[in-house]
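The values are calculated or read from the model by the stated rules, or taken from the named source; none is laboratory data. Values in this document were obtained by computation on a predicted structure and should not be read as measured data. Positions of Cβ are generated from backbone atoms using ideal geometry, with glycine treated the same way; all protein chains shown enter the neighbour counts. Keep in mind that these areas ignore ligands, DNA and RNA; they rest on the heavy atoms of the full protein, side chains included. Shrake-Rupley method; radii C 1.70, N 1.55, O 1.52, S 1.80 Å.
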Amino acid sequence: MPLVTMKQIMADSVKRATTDVDPAERYAVGAFNFSTIPEMVGIVEGARSKNAPVILMASLGAIKYIGSLELIAETAKGIAKTYPEVPICLHLDHATDMEQIKQAVVAGFTNVMIDASQEEFEVNIAKSKEIADFAHNHSPYGINGCSVEAELGMLAGHEDNIHVEESGKAYTDPALVKEFVTKTGIDALAVAIGTAHGFYKAAPEIQFDLLEAIRKETDIALVLHGGTGVPEDDFRKCVAMGMSKINVGTGLKKVYTDAVREAIKTLPETEYDPRKIAGPGRQAIAKEIASKCDLFNCTGKTPDVLKSIYA
Ligand SMILES: [Zn+2]
């Protein structure tokens, strides 16, 4: 199966989030950061083991490290061919450079995030709209071959090129949501409701009443950033209240590195095979993704996702 857009991969989840279904039937699609190509494969293997759709998330740091947008896009395309049973979306995370975002669309990313959340509201609208118009019309996969996520409000924490102090954070204002979504034409909205990027110093206080208010304002997909270290019950509650995508980055880096460190510690010093050293990292990632699929209630949802895309 070719790569699918975020709009497609979340359509079934969004439908459940915005209609009167049993909250226990709702689920979010996991979006996972990678830094290396083997991690991309590990993420997809984890999703496959749970018959779940998955979003591969490239940060600006990952692009720099791996080499180029094109290298990542072509690799993701190859992974999609290798794992045809898994619905996969390739997503550019937290981008601010308009030209780079357009380049990602042309390279074959199937979702891009324009993060102009630090700008004035009107500028955020203008930039997000420019990207939405471009992405919907310039994907090599055709019209609407790439969808768009934008952010309203500001998360505290550190994410590659973006750093927001705790004092500088701003919750998403529900009163602005409808106007923002309508004027920009975006497909998914990242909201700031109390989570943060990176590791938490103290447990986050998620503003569930705010989530409820935002959910009422729009019927596009809502996205939760800062998914590392959020208590499991809070995740479940967010999903039941209509969150359709959950981003996890920082925690995966730890899972990967812990596994590699352990391998180096246990293997004899004469072992030089990178597959034996880094391989456990990829396996640990797959295991972690599998458990996140369970937590986000996304396990076994591939048939429903495919039905909503290809029906
Ligand atoms: Zn984020």
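Listed values, structure above:
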quantity	calculated
3J(HN,Hα) from dihedral phi, segment 21-36, Karplus parametrisation 6.51/-1.76/1.60, rounded to Hz, x for glycine, proline	9, 4, x, 5, 8, 7, 8, 10, 8, x, 10, 10, 6, 10, 10, 9
Two-site label geometry, residue 133 and residue 163: point separation in nm, points 7 Å out along Cα→Cβ	3.5
Rounded percent of accessible protein surface that carbon and sulfur make up, the chain, 1.4 Å probe	54
Evaluated at q = 0.12, 0.14, 0.20, 0.25 Å⁻¹: base-10 log I(q)/I(0), Debye formula over Cα of segment 213-285	-0.50, -0.60, -0.83, -1.05
Cα-projected label distance for residue 253 with residue 24, points at 7 Å along beta-carbon direction, nm	3.8
Proximal charge balance of residue 201 [Cβ under 15 Å; K/R count +1, D/E count -1]	-2
Solvent-free Debye scattering, log10 I(q)/I(0), computed from the Cα coordinates of segment 32-118 at q = 0.21, 0.22 Å⁻¹	-0.93, -1.01
Cα-projected label distance for residue 182 with residue 143, points at 7 Å along beta-carbon direction, nm	2.4
Debye intensity ratio in log₁₀ form over the Cα atoms of segment 6-302, taken at each q of 0.13 Å⁻¹	-0.86
Amide N proximity, segment 274-298 versus residue 266 label position 7 Å along Cα-to-Cβ, cut-off under 20 Å	274-291
Segment 57-179: antiparallel DSSP beta bridges as a percent of all, rounded to 5	30
